[in-house]
Amino acid sequence: MTIVLMVLCFAAGIIIGWLLPELKSLHFNPQVDVGNVLNALATLAVAILINFLYTRSASSKQSDTNLLLEHVRSVQAALRFLQQEATNCQSAKKLTKEQQLALNGAERALSNDIHSLENALQQCRCKLHVLEFGKLKDARSELKESLTDTPFPGPYDAASLSKINVSFKGIRDELTRLTFAIPRR
């Protein structure tokens with residue numbers, strides 16, 4: 001570290017020694033030109049305007065991002081609730097009517113939250129194909145099929161339970177991907 005510092009000091013000394021004769025030949029003219037002052041003021045005003053517009057745009061985009069991520073969290077909460085209901089229904093016997101209604105209701109709530117997220121993304125003028133939002137909808141469809149198609153309303157065998165668990169993982173993975181994609185939009 002000290003060797004690097006010594007080399008930098010040596011290089012700075014050489015540069016200053018080389019520039020010093022040039023700096024002595026410069027003369028400062030203390031006159032103020034009105035045109036130069038006006039140019040400086042105009043440049044300052046443009047810089048302030050650009051900073052204001054950029055800050056306002058960045059603030060608006062940050063607000064949109066925060067709202068979109070809140071929608072994603074809502075979908076994740078609905079997914080957790082659906083997974084709870086599905087876990088409660090994983091018995092070796094046929095589901096009761098109450099269990100069927102709870103499972104269908106939780107699945108419907110998840111679908112509604114995904115639809116709300118889609119509308120929010122469109123409202124923020126996000127390109128759904130760029131975010132690959134269709135993958136989330138496909139994962140939702142696979143999850144619905146695994147939960148409500150044969151052998152619904154049960155009993156569920158090991159293969160059906162495995163398919164359900166894989167479907168839950170798929171939709172969680174898509175939500176994680178979207179969570180990282182939204183701020184980069």
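Considering only segment 105-158, state which residues are hydrophobic (A, V, I, L, M, F, W, C) and either loosely packed, with under 13 Cβ neighbours inside 10 Å or within 19 Å of Arg80 (Cα to Cα) (or both).
Once the filter is applied, which keeps residues that are hydrophobic (A, V, I, L, M, F, W, C) and either loosely packed, with under 13 Cβ neighbours inside 10 Å or within 19 Å of Arg80 (Cα to Cα) (or both), segment 105-158 yields Ala106, Ala109, Leu110, Ile114, Leu117, Val130, Leu136, Ala139, Leu143, Leu147, Ala158.
Within segment 116-159, count every residue that is assigned to a helix (DSSP H, G or I) and among the charged types (D, E, K, R).
Within segment 116-159, residues that are assigned to a helix (DSSP H, G or I) and among the charged types (D, E, K, R) number 8.
Being charged (D, E, K, R) and farther than 25 Å from Phe133 by Cα is the filter here, so list the residues in segment 27-78 that pass it.
Once the filter is applied, which keeps residues that are charged (D, E, K, R) and farther than 25 Å from Phe133 by Cα, segment 27-78 yields Asp33, Arg56.
Exactly one of these conditions fails for Arg73: (1) part of a helix (DSSP H, G or I); (2) at pLDDT below 90; (3) of a type outside the set (Ser, Thr, Tyr). Give me its number.
(2)
Restricting attention to segment 86-97, does a residue exist that is within 25 Å of the chain's Cα centre (by Cα) and over 25 Å from Leu67 (Cα atoms)?
Within segment 86-97, not a single residue is within 25 Å of the chain's Cα centre (by Cα) and over 25 Å from Leu67 (Cα atoms).
Read through the list (1) part of a helix (DSSP H, G or I); (2) modelled with pLDDT under 95, then give the number of the only condition that Asp113 fails.
(2)
For segment 71-87, how many residues meet the condition of being among the polar types (S, T, N, Q), farther than 18 Å from Leu175 by Cα and surrounded by 14 or more Cβ atoms within 10 Å (Cβ to Cβ)?
Within segment 71-87, residues that are among the polar types (S, T, N, Q), farther than 18 Å from Leu175 by Cα and surrounded by 14 or more Cβ atoms within 10 Å (Cβ to Cβ) number 0.
Give me the pairs: first residue in segment 64-80 and free of Cβ contacts under 8 Å to residues at least 60 places away in the same chain and under 18 Å from Ile164 (Cα atoms), second residue crowded, with 20+ Cβ neighbours inside 10 Å and of a type outside the set (Phe, Trp, Tyr), beta-carbon distance under 6 Å, and six or more apart or on different chains, which are they?
Matching pairs, first to second residue: Ala78/Leu110; Ala78/Asp113.
Taking only segment 49-70 into account, find how many residues are closer than 30 Å to Leu136 by Cβ and loosely packed, with under 11 Cβ neighbours inside 10 Å.
3
Look at segment 104-126 and say how many of its residues are over 24 Å from Ser167 (Cα atoms) and without any contact (Cβ under 8 Å) to a residue 40 or more places away in the chain.
The total comes to 3.
Go through segment 166-177 and give me each residue that's surrounded by 13 or more Cβ atoms within 10 Å (Cβ to Cβ) and within 16 Å of Ala78 (Cα to Cα).
Within segment 166-177, Ser167, Phe168, Gly170, Ile171, Arg172, Asp173, Glu174, Leu175 qualify.
Looking at Val32, Val46, which one is modelled with pLDDT under 75 and either surrounded by fewer than 10 Cβ atoms within 10 Å (Cβ to Cβ) or farther than 30 Å from Asn119 by Cα (or both)?
Selected residue: Val32, the only one of Val32, Val46 that is modelled with pLDDT under 75 and either surrounded by fewer than 10 Cβ atoms within 10 Å (Cβ to Cβ) or farther than 30 Å from Asn119 by Cα (or both).
When you go through Gln31, Gln90, Gln100 one by one, which is the residue that is out of contact with any His (no Cβ under 9 Å at 6 or more places or on another chain) and within 22 Å of Asp173 (Cβ to Cβ)?
Just a single option satisfies the conditions, and that option is Gln90.
The values are calculated or read from the model by the stated rules, or taken from the named source; none is laboratory data. Because the structure is a prediction, the values reported are computed rather than measured. Counting neighbours? That spans all protein chains shown, and the Cβs are built from the backbone with ideal geometry, glycine included.
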